[in-house]
Structures are given as C-alpha cells and as structure tokens.
1. Are there any GluC sites (Glu not before Pro) in region 1-57 that are in a DSSP loop and have at most 16 other Cβ atoms within 10 Å? List them by number.
2. For Glu241 and Leu87, compute 0.36 nm times the residue count separating them, minus their Cα-Cα distance, and round to one decimal in nm.
3. Take the alpha-carbon positions of region 225-317, form their convex hull, and give its projected area averaged over all directions (one quarter of the hull surface) in nm².
4. Return, in residue-number order, each cysteine of the chain whose C-beta is not under 4.7 Å from any other cysteine's C-beta.
5. Have a look at Tyr163, Ile122, Gly274 and report the one farthest towards the positive end of the charge dipole of the chain, computed about the Cα centre with Cβ charges (Lys/Arg +1, Asp/Glu -1).
6. What number does the chain give for Rg over Rh if you use C-alpha atoms and the Kirkwood radius?
7. How large is the translational diffusion coefficient of region 58-104 in µm² per second when you combine the Kirkwood radius over alpha carbon pairs with Stokes-Einstein at 37 °C and 0.692 mPa s?
8. Please report Glu339, Glu351 as a ranked list, fewest other C-beta atoms within 10 angstrom at the top and most at the bottom.
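Throughout, read-outs are computed from the coordinates displayed, never taken from laboratory work. Everything numeric in this text was worked out from a predicted model, so none of it was measured. Here Cβ is always computed from backbone atoms with ideal geometry, including for glycine, and neighbour counts include all displayed protein chains.
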Amino acid sequence: MSETRHNWTKEEILEIYNKPLMELLYEAATIHRQSHDPNVVQVSTLLSIKTGGCSEDCGYCPQAARYHTGVEGDDLMGVSQVKAQALRAKASGSSRVCMGAAWRNVKDGPEFDQVLEMVRTINKLDMEVCCTLGMLTENQAKRLAEAGLYAYNHNLDTSEEYYKEVISTRGFEDRLETIDNVRKTNVTVCSGGIIGMGESLEDRAGMLVALSTLNPQPESVPINALVAVDGTPMEDEKPVEIWEMIRMVATTRIVMPETQVRLSAGRTQMSREGQAMCFFAGANSIFAGDKLLTTPNPDVSEDMKMFEMLGLKPQKPFTKRVQPQTVEATESQYEAMGEKPKWTRPEHKIERNEAAKAKAKEIRQEIKENESKIVEEVK
Ligand code: SAM
Ligand code: DTB
Ligand code: SF4
C-alpha cells in the first residue's frame with residue numbers, strides 16, 4: 001500500500017508530471033490498484049439548483065453576471081423538482097447528486113433552509129448528497145452535516161499565485177477557510193481545479209501541492225478541463241490536449257492515492273480512448289447527465305455504452321463511508337446565526353476580466369438600443 005504523504009513539493013510533483021508517459025501511466029495505475037477497484041467508477045449527477053446572476057468575477061465562469069454569456073438566470077429550484085431529478089439520476093445509475101448554486105457564499109435564511117431540505121430529501125433516497133454553494137461558515141457547515149450532507153465541493157481551482165489572475169472578488173485563503181469549516185464536521189471534502197486557463201505547469205503542480213498537503217487530503221478531487229464559454233474572459237483559451245488531462249489525472253492519483261479522482265468538465269471534447277486512458281491513469285469518478293451546470297456533457301446512454309465497452313461498473317453509494325443520519329428540521333440543534341463573515345474582496349484588476357466586462361456592457365447597451373428602436377417602429 002502506498003503511504004499518503006502530506007509534504008509533496010512543487011519540484012517533486014513537476015518531476016512526476018513530466019515523466020515519460022508510459023512510466024507515469026504504469027506508476028499511477030499501480031498506485032490506483034492498491035486502494036481502488038480499477039473496474040469501478042463513481043457516477044455523480046450535477047444539478048444546477050440556482051443558475052446564473054452570480055456577483056463574482058471568476059474568469060472561467062459562464063454564470064458570472066458581469067459577462068455576457070447567454071446563461072439565463074434562474075431562481076432557486078423547488079424541493080420536489082430536485083427530488084424528481086435525483087430519482088431520475090438514481091434510475092440511470094448515479095450514486096451521488098451534486099447540487100450547485102451560483103452564489104458567492106451561503107446566506108442564512110429561507111433559501112438556505114430550502115437547500116437543507118433538499119439535502120434531507122436526497123439522503124433519504126439513499127444517495128450520496130454533495131453541495132457546492134460557495135463560501136460557508138462553520139455553523140452553516142454543521143447545519144448541512146446535520147441534514148445528511150455527504151460531501152461539499154469547493155475547488156481551489158489553480159495555484160495560489162495564478163488565482164490572482166483568475167478571480168479578483170475573493171482570495172485563495174477564503175477557499176481554504178471554507179474547506180477548513182467543512183473539516184470541522186463529518187462531511188467529506190471535494191476540492192480540485194481546472195486546467196487550460198492559461199496557467200503554467202508550475203501552477204498545476206502548485207495546485208496539487210495545496211491539495212495534497214491538506215491533512216486529511218480531500219476525499220475527492222475533480223479535475224476539470226476548461227469549457228471556454230463565449231463572453232467569458234477565457235473564451236479564446238485553446239482546448240487542453242488529452243495528454244495534459246492524462247498527465248494531470250495520473251499525477252493527482254500518485255500524490256493523493258486514496259482520493260476519488262473525478263474526470264470532470266471537458267469530457268465532450270474527449271474520445272472514448274482518451275477517457276479510457278484517464279481511467280487507467282487513476283480517474284475513478286465522472287459527472288454524468290447531458291448537462292454539467294450550464295454547459296454540455298456526454299449523454300448518459302453514451303457513457304453507459306462506454307462503461308460496457310470498458311467493463312466498468314458504477315460504484316454503489318456509501319462504499320467508502322457510511323451513510324450520514326438525517327436530522328429533521330424540527331429536531332435540529334443548530335440555529336441560523338445570521339453571521340456576516342468578512343470574506344476577503346481583493347478587487348485587484350485582472351485585465352481580461354475587465355475587458356470581458358466592458359464588452360458585455362457594450363453588447364447590453366446595443367441590445368437595449370435595438371429594443372427601443374423596434375418599439376418605436378411598432379408604434
Ligand atoms: N459558486 C460556487 C463556487 O464557485 O464555489 C459553486 C459553483 S462553481 C460553478 C463550481 C466549480 O465549477 C468552480 O469552482 C470551477 O472549478 C468549475 N467551473 C466553473 N466554470 C467552469 C468552466 N467553464 N470550465 C470548467 N470548470 C468550471
Ligand atoms: C466541479 O469541479 N466541476 C463541476 C462541479 N464541480 C460543480 C462544475 C463544472 C461546471 C462547468 C461549467 C458549467 O457547466 O457551467
Ligand atoms: Fe459564481 Fe461560482 Fe461561477 Fe464564481 S464559479 S462566478 S462564484 S458561480
């Protein structure tokens with residue numbers, strides 16, 4: 001069994017990432033087999049419970065209100081709709097539902113109470129429940145845990161250094177603090193990042209240093225390939241090559257031997273052969289469903305064909321850890337504290353984010369002018 005180390009250095013990680021591919025694959029696959037069944041892949045379904053209109057300036061994100069991306073904003077989904085979607089996901093082989101909200105951070109109040117009810121509802125369907133709602137206080141993490149949350153997704157996204165080139169409305173340290181708050185509960189941590197945002201190999205290694213030196217390491221690590229959406233500051237980034245994805249997955253597997261490595265956004269651009277190499281390199285989880293949060297993902301039926309072809313089986317829920325107990329809202333021992341924590345807001349200027357925001361403003365102005373012209377003509 002390979003020991004879990006919490007003192008990886010950037011140099012060591014770069015050396016692994018840059019190994020001749022056959023050696024890298026062999027090493028990653030060997031480590032993978034020591035802790036995981038290589039024929040089992042966890043299937044998680046994403047559900048966007050609150051879409052678009054987000055106040056943040058994350059340079060990769062189509063849901064940031066300040067960019068013009070064509071994403072229609074939606075209010076928070078109802079509990080019954082979430083339940084129906086979860087049942088559909090379960091019927092198609094998913095063991096986990098991950099609910100995403102385009103929020104900077106969680107605010108106590110009726111909307112958070114509704115999310116807690118969604119968590120209770122899905123846990124009672126005997127599925128693992130994951131949420132990704134932005135920054136969280138310790139009390140909010142405890143309330144989610146009490147509702148039966150299995151995992152919380154909060155990505156570091158990139159290295160601490162490159163983070164400043166991607167997001168100006170919050171700091172890397174805020175992300176670490178939220179992860180720390182989740183760690184004060186029994187909820188497992190899901191944290192990873194994105195490649196293909198113009199970062200260097202040092203940044204990729206830096207992100208893996210930040211994740212692998214967490215103690216304990218995250219129970220799952222999503223590796224996303226950037227989905228470059230028109231209107232975002234990263235619209236012109238060229239797609240990552242499959243070799244980069246394979247190397248990133250393999251390196252993640254080697255430095256975090258126990259974690260579930262999730263082959264996340266970007267699968268529509270990958271061939272079956274490419275994905276098979278990622279599974280061989282240690283990926284053992286995917287997001288399923290024809291949509292991620294706002295962008296396309298392969299069809300479930302296509303994924304199931306791929307599983308059949310590769311002899312892969314979907315992982316059963318609660319294989320790695322027992323199902324959390326759900327405490328009903330009426331029995332809860334926690335109260336909303338209505339805290340207003342001081343998350344940072346560095347607000348430094350990121351040129352390409354500013355340019356995308358300015359372009360969005362122009363487009364909106366143009367649309368407005370055209371609309372008033374049409375109204376005039378109709379009159
Ligand atoms: N608002 C919450 C937050 O930022 O933590 C949760 C939702 S957010 C959309 C979750 C994650 O999706 C981000 O941290 C990022 O890693 C990933 N993501 C967003 N847009 C992406 C894109 N265009 N390509 C790849 N990954 C993306
Ligand atoms: C993660 O690491 N990737 C997922 C999930 N966690 C929430 C989100 C990917 C989003 C891709 C862009 C979109 O569909 O909006
Ligand atoms: Fe908002 Fe999350 Fe998108 Fe950033 S990644 S803009 S916080 S939804």
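1. Working: sites: Glu3, Glu11, Glu12, Glu15, Glu23, Glu27, Glu56; in loops: Glu3, Glu56.
Listed in order of number, the matching sites are Glu3.
2. Working: separation 154, 0.36 × 154 = 55.44 nm, distance 3.52 nm.
This chain segment gains 51.9 nm when fully extended.
3. Details: hull surface 26.5 nm².
Quarter of the Cα hull surface area: 6.6 nm².
4. Cysteines of the chain left without a disulfide-compatible partner: Cys54, Cys131, Cys190, Cys278.
5. The residue sitting farthest along the positive end of the dipole is Ile122.
6. Working: Rg = 20.7 Å, Rh = 21.4 Å.
Rounded to two decimals, Rg/Rh equals 0.97.
7. Numbers: Rh = 12.9 Å.
D, rounded to a whole number, is 255 µm²/s.
8. On the way: Glu339 12, Glu351 9.
So the residues, fewest neighbours to most, are Glu351, Glu339.
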